[in-house]
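Laboratory data are not the source of any read-out in this text; all were calculated from the coordinates shown. Fair warning: this is a prediction, and the values are worked out from it, not measured in the lab. Every residue, glycine as well, gets a Cβ built from its backbone with ideal geometry; the counts of neighbours run over all protein chains shown.
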């Protein structure tokens, strides 16, 4: 910033012959002091405008979020409405290199803990509760859900490289990290990315991320993992609540975005023991490996998303009745077309199987056709028809209609 002396210095030349030398020097010193104060105020104003340094803390703090609500009708089975999600983001930029990020999510409109059963563990001989741990059952998910899904510090140690620590989204699939309602088509996220990839999937750990060359990036995560001795992937999420970290998980993703409008990525996730020390068969660890690959394309009005995912779990560590879960996989393809800049249509075909090793048909199939009307680039109204085939003989297929709204800010 260019500094200027006050106009008072102009009058000094005219008054100098009438003032004593000591008075002139005193006046000069006063001018220097005032100029220093002006410079300090100018520097503070610059810091406040940039939101860093000595500025006000809230100038470097960002609030955002997203929300979803839906109406769902499954023929002969379900007819419901739900205030599905309200998510709030809070972040703070400490300086050019360090920031804090968080995400707080409320699902199904409210939270009510209806499970009051608790047990006392590790009590001492006198029964001193202060030396014990109270273990209580988890409330039903139909009574609402409240979770801190992200809570991390991110440090940019080089221009194209950073490290994050805390509660983080696992870098896998298309929607696990970016799942605001306007970023995916259909009222609900693709079923393969809910049943095979257990999104929203977050773990506590440390992640290094960066670019190795223009358009090629990496994410490497060491974190807590799933905990389920029966190979039930969705049930294994520990949600960062006193999560058992006996056996840490590792995740590596490589992503290619060098071509505008094209994203291609592959993820390898490994857990040495998904049972976290309590295997289904004594002496065996329930190791598991997840492999995924996807392509997301948007060229003009045409869009295409496709993803494949596969779990391989150790057969020996699953009990005889659950060995059918040692292989679990799924895939989907989703073409779309923007009829206008604000109106899009899509179709999706999905298949997934969480019990692939059984002797009966357990593969789910779903066909979806829907529309999205963007009232704003970040606010959307959605509707879709679904035809979901239940693999269990005698069960009614889950055919129906979904209608929803979504927004982010």
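Set the Förster radius R0 to 56 Å, insert the Cβ-Cβ distance between residue 409 and residue 26 as r into 1/(1 + (r/R0)^6), and round the FRET efficiency to 0.05. The value I calculate is 0.45. Spread over its residues, the convex hull of the C-alpha atoms of the stretch 59-98 is 70 Å³ per residue.
Between residue 77 and residue 95, the distance separating the two model label sites (each 7 Å from Cα on the Cα→Cβ line) works out to 5.6 nm.
Taking the Cα of residue 163, stepping 7 Å toward and past its beta carbon, and measuring to each backbone N in the stretch 259-293: which are under 11 Å? Answer for the stretch 259-293: none. Taken over the stretch 333-409, the percentage of Cα pairs per 5 Å bin, counting from 0 up to the bin with the maximum distance, is 3, 14, 19, 18, 15, 11, 9, 6, 3, 1. Each label was represented as a point 7 Å from its Cα along the Cα-to-Cβ direction; for residue 112 and residue 289 these points are 4.7 nm apart.
Using r as the Cβ-Cβ distance of residue 62 and residue 315, and R0 as 56 Å, what FRET efficiency do you calculate, to the nearest 0.05? The partial results should precede the final answer.
Values: r = 48 Å, r/R0 = 0.85.
Once the sixth-power term is evaluated, E becomes 0.70.
Considering every alpha-carbon pair of the stretch 274-356, the percent of pairs per 5 Å bin, from zero through the bin containing the longest distance, is 3, 14, 18, 14, 11, 9, 9, 7, 6, 5, 3, 1. For 207, 213, the sequence from fewest to most other C-beta atoms within 10 Å is 213, 207. Here the calculated FRET efficiency for residue 360 and residue 246, from their Cβ-Cβ distance with R0 = 30 Å, stands at 0.30, rounded to the nearest 0.05. Working from label points 7 Å from Cα in the Cα-to-Cβ sense, the residue 367 to residue 401 distance is 1.9 nm.
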